[in-house]
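S.K.: The structure under discussion is supplied below as structure tokens; questions concerning it will follow.
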Amino acid sequence: MTTVTANHARHSARKVRKRGDRSPAASLALHLTLIISSVIAVFPVLWVLLTSLKPAKFASTTDFFKETTFENYTNLIKDTEFLSWFGNSVIVAGLSTVIGVFVSATTGYAVSRFRFPGKRGLMWTLLVTQMFPVAVLIVPIYNIMSTMGLLNQPAGLVITYLTISVPFCAWMMKGFFDTIPREIDESGQVDGLTPFGTFWRLILPLAKPGLAVTAFYSFITAWGEVAYASAFMVGDENLTLAGGLQKFVNQYGAQWGPMTAASVLIAIPAALVFLFAQKHLVTGMSAGAVKG
């Protein structure tokens, strides 16, 4: 038996090595494909970064390293309401993320664990609401926010962004909670925990990957959204970053220097959030897709 097992192991190892062997041409083609794909992915970002470091007279040229300057960044901060836009975006995105994570997690847990009237209807609602494009929803939501007096208010944008992120995130969290054994809930009940206590103390610590994906999606939805931010907010001091960027574009042209500088500064927080959540993103998204 030992001899047969050893022969089988050697045979499997040889098969693995054979599969891993590539011809020089195949290896070259693979590396060229990866290099070209990387260049295509990085090129737009690098172009924006280098353009932000050029004076206005070279903004539309390829003279990237001629008279390099940080003037676009200093003028952006001194001569515009960029810091106000940045602060408004931090408030809106922060509240949208915190509230979105809490509502999505509690909704997903309730749908995953409990039986209640209207459960199937709620699940269908979470799916159907994701089918409507922004162009269809913007007018009715605008009317609702106007009636409630929430236009030109950060709270109005927060509520709007929650209507976008919560249905998707709640459905995803439901799938993630389905992968957590119900025996954990039962052990919490045996220890005298309430349903919310079980959720808060036992289930949430196991759901960090799903929470990371929910937080990332909620933040990106609020941080980079343009249509609602432009329609619901007016006045330079009330704009978010997405709405503020449009100030650099008019019917006669675009101010490429300050616009690219603002784009770089806007991308930094999103990149930091991604770096913070990236180790959980793949795990959370794959786990949430196991049981839809």
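S.K.: Tell me the residue from 39, 92, 48 that is open to solvent by 40 Å² or more (accessible area, probe 1.4 Å), in contact (Cβ under 8 Å) with a residue 60 or more places away in the chain and of a type in the set (Val, Ile, Thr), please. Write out each step before concluding.
M.R.: On the way: 39 fails: in contact (Cβ under 8 Å) with a residue 60 or more places away in the chain; 92 fails: open to solvent by 40 Å² or more (accessible area, probe 1.4 Å).
Just a single option satisfies the conditions, and that option is 48.
S.K.: Give region 22-53 a look and list any residue that's among the polar types (S, T, N, Q), outside any helix (DSSP H, G or I) and at pLDDT 85 or above, or say none. Don't jump to the end; show me each part of the working.
M.R.: Our first condition is that a residue be among the polar types (S, T, N, Q); within region 22-53, this holds for 23, 27, 33, 37-38, 51-52.
Then keep just the ones that are outside any helix (DSSP H, G or I); that gives 23, 52.
Answer for region 22-53, where residues must be among the polar types (S, T, N, Q), outside any helix (DSSP H, G or I) and at pLDDT 85 or above: just 52.
S.K.: May I ask you to list the residues in region 51-67 that are under 13 Å from residue 257 (Cβ atoms), of a type outside the set (Gly, Ala, Ser) and loosely packed, with under 14 Cβ neighbours inside 10 Å?
M.R.: Within region 51-67, 57, 61, 67 meet the criteria.
S.K.: Something else: Assuming residue 4 fulfils every condition listed in (1) at pLDDT below 75; (2) assigned to a helix (DSSP H, G or I); (3) surrounded by 10 or more Cβ atoms within 10 Å (Cβ to Cβ); (4) hydrophobic (A, V, I, L, M, F, W, C) apart from one, which condition is it?
M.R.: Answer for residue 4: the failing condition is (3).
S.K.: In addition: So is residue 212 surrounded by fewer than 18 Cβ atoms within 10 Å (Cβ to Cβ) and under 23 Å from the mean Cα position of the chain (by Cα) or not? Let's see the steps before the verdict.
M.R.: Values: surrounded by fewer than 18 Cβ atoms within 10 Å (Cβ to Cβ): no; under 23 Å from the mean Cα position of the chain (by Cα): yes.
No: the conditions fail for residue 212.
S.K.: May I ask you to say which residue of 125, 147, 80 is open to solvent by less than 80 Å² (accessible area, probe 1.4 Å), of a type outside the set (Asp, Glu) and more than 30 Å from residue 259 (Cα to Cα)?
M.R.: Values: 147 fails: open to solvent by less than 80 Å² (accessible area, probe 1.4 Å); 80 fails: more than 30 Å from residue 259 (Cα to Cα).
Only one candidate qualifies: 125.
S.K.: Among the residues of region 54-87, write down those that are in a loop (DSSP other than H, G, I, E, B), farther than 15 Å from residue 248 by Cβ and of a type in the set (A, V, I, L, M, F, W, C).
M.R.: Listed by number, the residues that qualify are 64, 65, 70.
S.K.: Checking residue 249 against (1) in contact with a Lys or Arg (Cβ under 7 Å, 6 or more places away or on another chain); (2) β-branched (Val, Ile, Thr); (3) modelled with pLDDT under 85, which test does it fail?
M.R.: (1)
S.K.: Which residues, taken from region 8-21, are open to solvent by less than 70 Å² (accessible area, probe 1.4 Å) and at pLDDT 50 or above? Talk me through it step by step, then tell me what you get.
M.R.: We begin by selecting, within region 8-21, every residue open to solvent by less than 70 Å² (accessible area, probe 1.4 Å); these are 9, 12-13, 20.
Within region 8-21, 12, 20 qualify.
S.K.: I would also like to ask the following. Could you please let me know if residue 135 is open to solvent by 40 Å² or more (accessible area, probe 1.4 Å), more than 23 Å from residue 98 (Cβ to Cβ) and in a helix (DSSP H, G or I)? Give the steps one after another, and end with the answer.
M.R.: Numbers: open to solvent by 40 Å² or more (accessible area, probe 1.4 Å): yes; more than 23 Å from residue 98 (Cβ to Cβ): yes; in a helix (DSSP H, G or I): yes.
Taking the combined requirement at face value, the residue satisfies it.
S.K.: Further question on the same structure: Kindly provide the set of residues from region 217-253 that are over 16 Å from the mean Cα position of the chain (by Cα) and free of Cβ contacts under 8 Å to residues at least 40 places away in the same chain, ordered by number.
M.R.: Passing the criteria: 230, 245, 246, 248, 249, 250, 251, 252, 253.
S.K.: Check whether at least one residue in region 217-232 is part of a helix (DSSP H, G or I), open to solvent by 50 Å² or more (accessible area, probe 1.4 Å), of a type outside the set (A, V, I, L, M) and modelled with pLDDT of 90 or more, and report yes or no.
M.R.: yes
S.K.: Could you give me the residue pairs with C-beta distances under 6 Å whose first residue belongs to region 177-199 and is in a loop (DSSP other than H, G, I, E, B), whose second residue is surrounded by 11 or more Cβ atoms within 10 Å (Cβ to Cβ) wherever it lies, and which are 6+ apart or on separate chains?
M.R.: Matching pairs, first to second residue: 179/287; 180/206.
S.K.: Filter region 95-112 down to the residues that are open to solvent by 10 Å² or more (accessible area, probe 1.4 Å) and either of a type in the set (Asp, Glu) or in contact (Cβ under 8 Å) with a residue 24 or more places away in the chain (or both), then identify the one that is farthest from residue 243 (Cα to Cα).
M.R.: Here the residue is 109.
S.K.: State which residue is nearest to residue 111 (Cα to Cα) when the search covers only region 184-196 and only residues that are loosely packed, with under 14 Cβ neighbours inside 10 Å and under 34 Å from the mean Cα position of the chain (by Cα).
M.R.: 196
The values are calculated or read from the model by the stated rules, or taken from the named source; none is laboratory data. As the structure is a prediction and not an experimental result, all values here were calculated from the model. Heads up, the Cβs are rebuilt from the backbone with ideal geometry, glycines too, and the neighbour counts pull from every protein chain shown. Keep in mind that these areas ignore ligands, DNA and RNA; they rest on the heavy atoms of the full protein, side chains included. Shrake-Rupley method; radii C 1.70, N 1.55, O 1.52, S 1.80 Å.
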